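**Q** Please see the structure below; I have some questions.
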Amino acid sequence: MPNKIQAEFLDQDINIGISEKDRKSVCRGLSKLLADSYLLYLKTQNYHWNVTGKMFQPLHTLFEEQYQELAASVDTIAERIRALGEFAPGSFNSFIKVTSIKEETGIPTAEEMIINLVQGHEAVVTTAREIIPLTDKCDDDVTADLLVERMQKHEKYAWMLRSMISANRAH
């Protein structure tokens, strides 16, 4: 049972210079980004496990690098949601309701995996970019920095993957 001082403290609003309404709005966007990132993480790990063919070794390695980075990113996104005073969604059911990433139900070819992941990384970039105006509106530079960092990573991964298809088709 909290004492009187603890109870008063727990009843105080978060006071970080961003209104509750704006924090909730940013968190809705971050929840979608979290869902997109988690679905992309799951898809990338699935592909890492199941890739076959002539490009097995480089794809297996690249997919592992990417899903490990995505695992760290979902934690960072969820922690930002918590820092803004909201609860982070944490179930597949809650993710599937808001994600823009299509769930993988089969085992595509290596080339189809690459194409699907390019589309997934681009979807995450699009989601992150949609949140930037919200962060600008409420001067939430911390979330904006997180979003810029995520866009940089996902744009780079999309480029790397797209280059593998282009190089593969050239030969």
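The values are calculated or read from the model by the stated rules, or taken from the named source; none is laboratory data. All figures in this text were calculated on a predicted structure; none of them were measured in a lab. Virtual Cβ from ideal backbone geometry, glycine too; neighbours counted across all protein chains shown.
**Q** So how many residues does segment 56-65 have that are surrounded by fewer than 18 Cβ atoms within 10 Å (Cβ to Cβ) and either more than 22 Å from the chain's Cα centre (by Cα) or closer than 26 Å to Gly90 by Cβ (or both)?
**A** At the first step, the residues of segment 56-65 found to be surrounded by fewer than 18 Cβ atoms within 10 Å (Cβ to Cβ) are 56-58, 60-61, 64-65.
Then keep just the ones that are either more than 22 Å from the chain's Cα centre (by Cα) or closer than 26 Å to Gly90 by Cβ (or both); that gives 56-58, 64-65.
Summing the residues that are surrounded by fewer than 18 Cβ atoms within 10 Å (Cβ to Cβ) and either more than 22 Å from the chain's Cα centre (by Cα) or closer than 26 Å to Gly90 by Cβ (or both) in segment 56-65 gives 5.
**Q** OK, next. If only one of Ala123, Ala128, Ala158 is part of a helix (DSSP H, G or I), closer than 26 Å to Glu20 by Cα and in contact (Cβ under 8 Å) with a residue 24 or more places away in the chain, which one is it?
**A** On the way: Ala123 fails: closer than 26 Å to Glu20 by Cα; Ala158 fails: closer than 26 Å to Glu20 by Cα.
Selected residue: Ala128, the only one of Ala123, Ala128, Ala158 that is part of a helix (DSSP H, G or I), closer than 26 Å to Glu20 by Cα and in contact (Cβ under 8 Å) with a residue 24 or more places away in the chain.
**Q** Something else: Please determine whether any residue of segment 77-98 is closer than 23 Å to Val142 by Cα, of a type in the set (Lys, Arg) and assigned to a helix (DSSP H, G or I).
**A** Taking every residue of segment 77-98 in turn, at least one turns out to be closer than 23 Å to Val142 by Cα, of a type in the set (Lys, Arg) and assigned to a helix (DSSP H, G or I).
**Q** Here is a further query. Restricting to segment 113-170, and then to whatever is hydroxyl-bearing (Ser, Thr, Tyr) and modelled with pLDDT of 95 or more, can you tell me which residue is farthest from the chain's Cα centre (by Cα)? Outline the logic, then answer.
**A** Taking segment 113-170 and keeping what is hydroxyl-bearing (Ser, Thr, Tyr), we get 126-127, 135, 143, 157, 163, 166.
Imposing the further condition that a residue be modelled with pLDDT of 95 or more reduces the set to 126-127, 135, 143, 157.
Values: Thr126: 11, Thr127: 9, Thr135: 17, Thr143: 13, Tyr157: 13 Å.
My answer is Thr135.
**Q** Name every residue in segment 131-155 that is among the aliphatic types (A, V, I, L, M), free of Cβ contacts under 8 Å to residues at least 40 places away in the same chain and either assigned to a loop (DSSP other than H, G, I, E, B) or closer than 18 Å to Ser25 by Cβ (or both), in order of residue number.
**A** Of segment 131-155, the ones among the aliphatic types (A, V, I, L, M) are 131-132, 134, 142, 144, 146-148, 151.
Keeping just the survivors that are free of Cβ contacts under 8 Å to residues at least 40 places away in the same chain gives 132, 144, 148, 151.
Of everything in segment 131-155, those that are among the aliphatic types (A, V, I, L, M), free of Cβ contacts under 8 Å to residues at least 40 places away in the same chain and either assigned to a loop (DSSP other than H, G, I, E, B) or closer than 18 Å to Ser25 by Cβ (or both) turn out to be Ile132, Ala144.
**Q** For segment 101-120, give me the residue count where each residue is closer than 13 Å to Leu39 by Cα and not in a loop (DSSP other than H, G, I, E, B).
**A** Within segment 101-120, the subset closer than 13 Å to Leu39 by Cα is 101-105, 116-117, 119-120.
Narrowing the set further to residues that are not in a loop (DSSP other than H, G, I, E, B) leaves 116-117, 119-120.
The total comes to 4.
**Q** So which residues in segment 99-158 are farther than 21 Å from Glu64 by Cβ and among the β-branched types (Val, Ile, Thr), if there are any at all?
**A** Within segment 99-158, Thr99, Thr105, Val125, Thr126, Thr127, Ile131, Ile132, Thr135, Val142, Thr143, Val148 meet the criteria.
**Q** Note down all Cβ pairs under 8 Å where the first residue falls in segment 46-57 and is closer than 13 Å to Met164 by Cα and assigned to a loop (DSSP other than H, G, I, E, B), the second is of a type outside the set (Gly, Ala, Ser) and at pLDDT below 95, and they're at least six residues apart or on different chains.
**A** Met55/Met164; Met55/Asn168
**Q** Could you tell me which of the residues Thr143, Thr44, Thr135 is crowded, with 17+ Cβ neighbours inside 10 Å and touching an Asp or Glu at 6+ places or on another chain (Cβ under 8 Å)? Spell out how you get there, then give the answer.
**A** Working: Thr143 fails: touching an Asp or Glu at 6+ places or on another chain (Cβ under 8 Å); Thr44 fails: touching an Asp or Glu at 6+ places or on another chain (Cβ under 8 Å).
Going through Thr143, Thr44, Thr135 in turn, just one is crowded, with 17+ Cβ neighbours inside 10 Å and touching an Asp or Glu at 6+ places or on another chain (Cβ under 8 Å): Thr135.
**Q** Could you list all residues from segment 79-100 that are more than 14 Å from Tyr41 (Cα to Cα) and either of a type in the set (Lys, Arg) or surrounded by 13 or more Cβ atoms within 10 Å (Cβ to Cβ) (or both)?
**A** Listed by number, the residues that qualify are Arg80, Ile81, Arg82, Ala83, Leu84, Gly85, Glu86, Ala88, Pro89, Ser94, Lys97, Val98.
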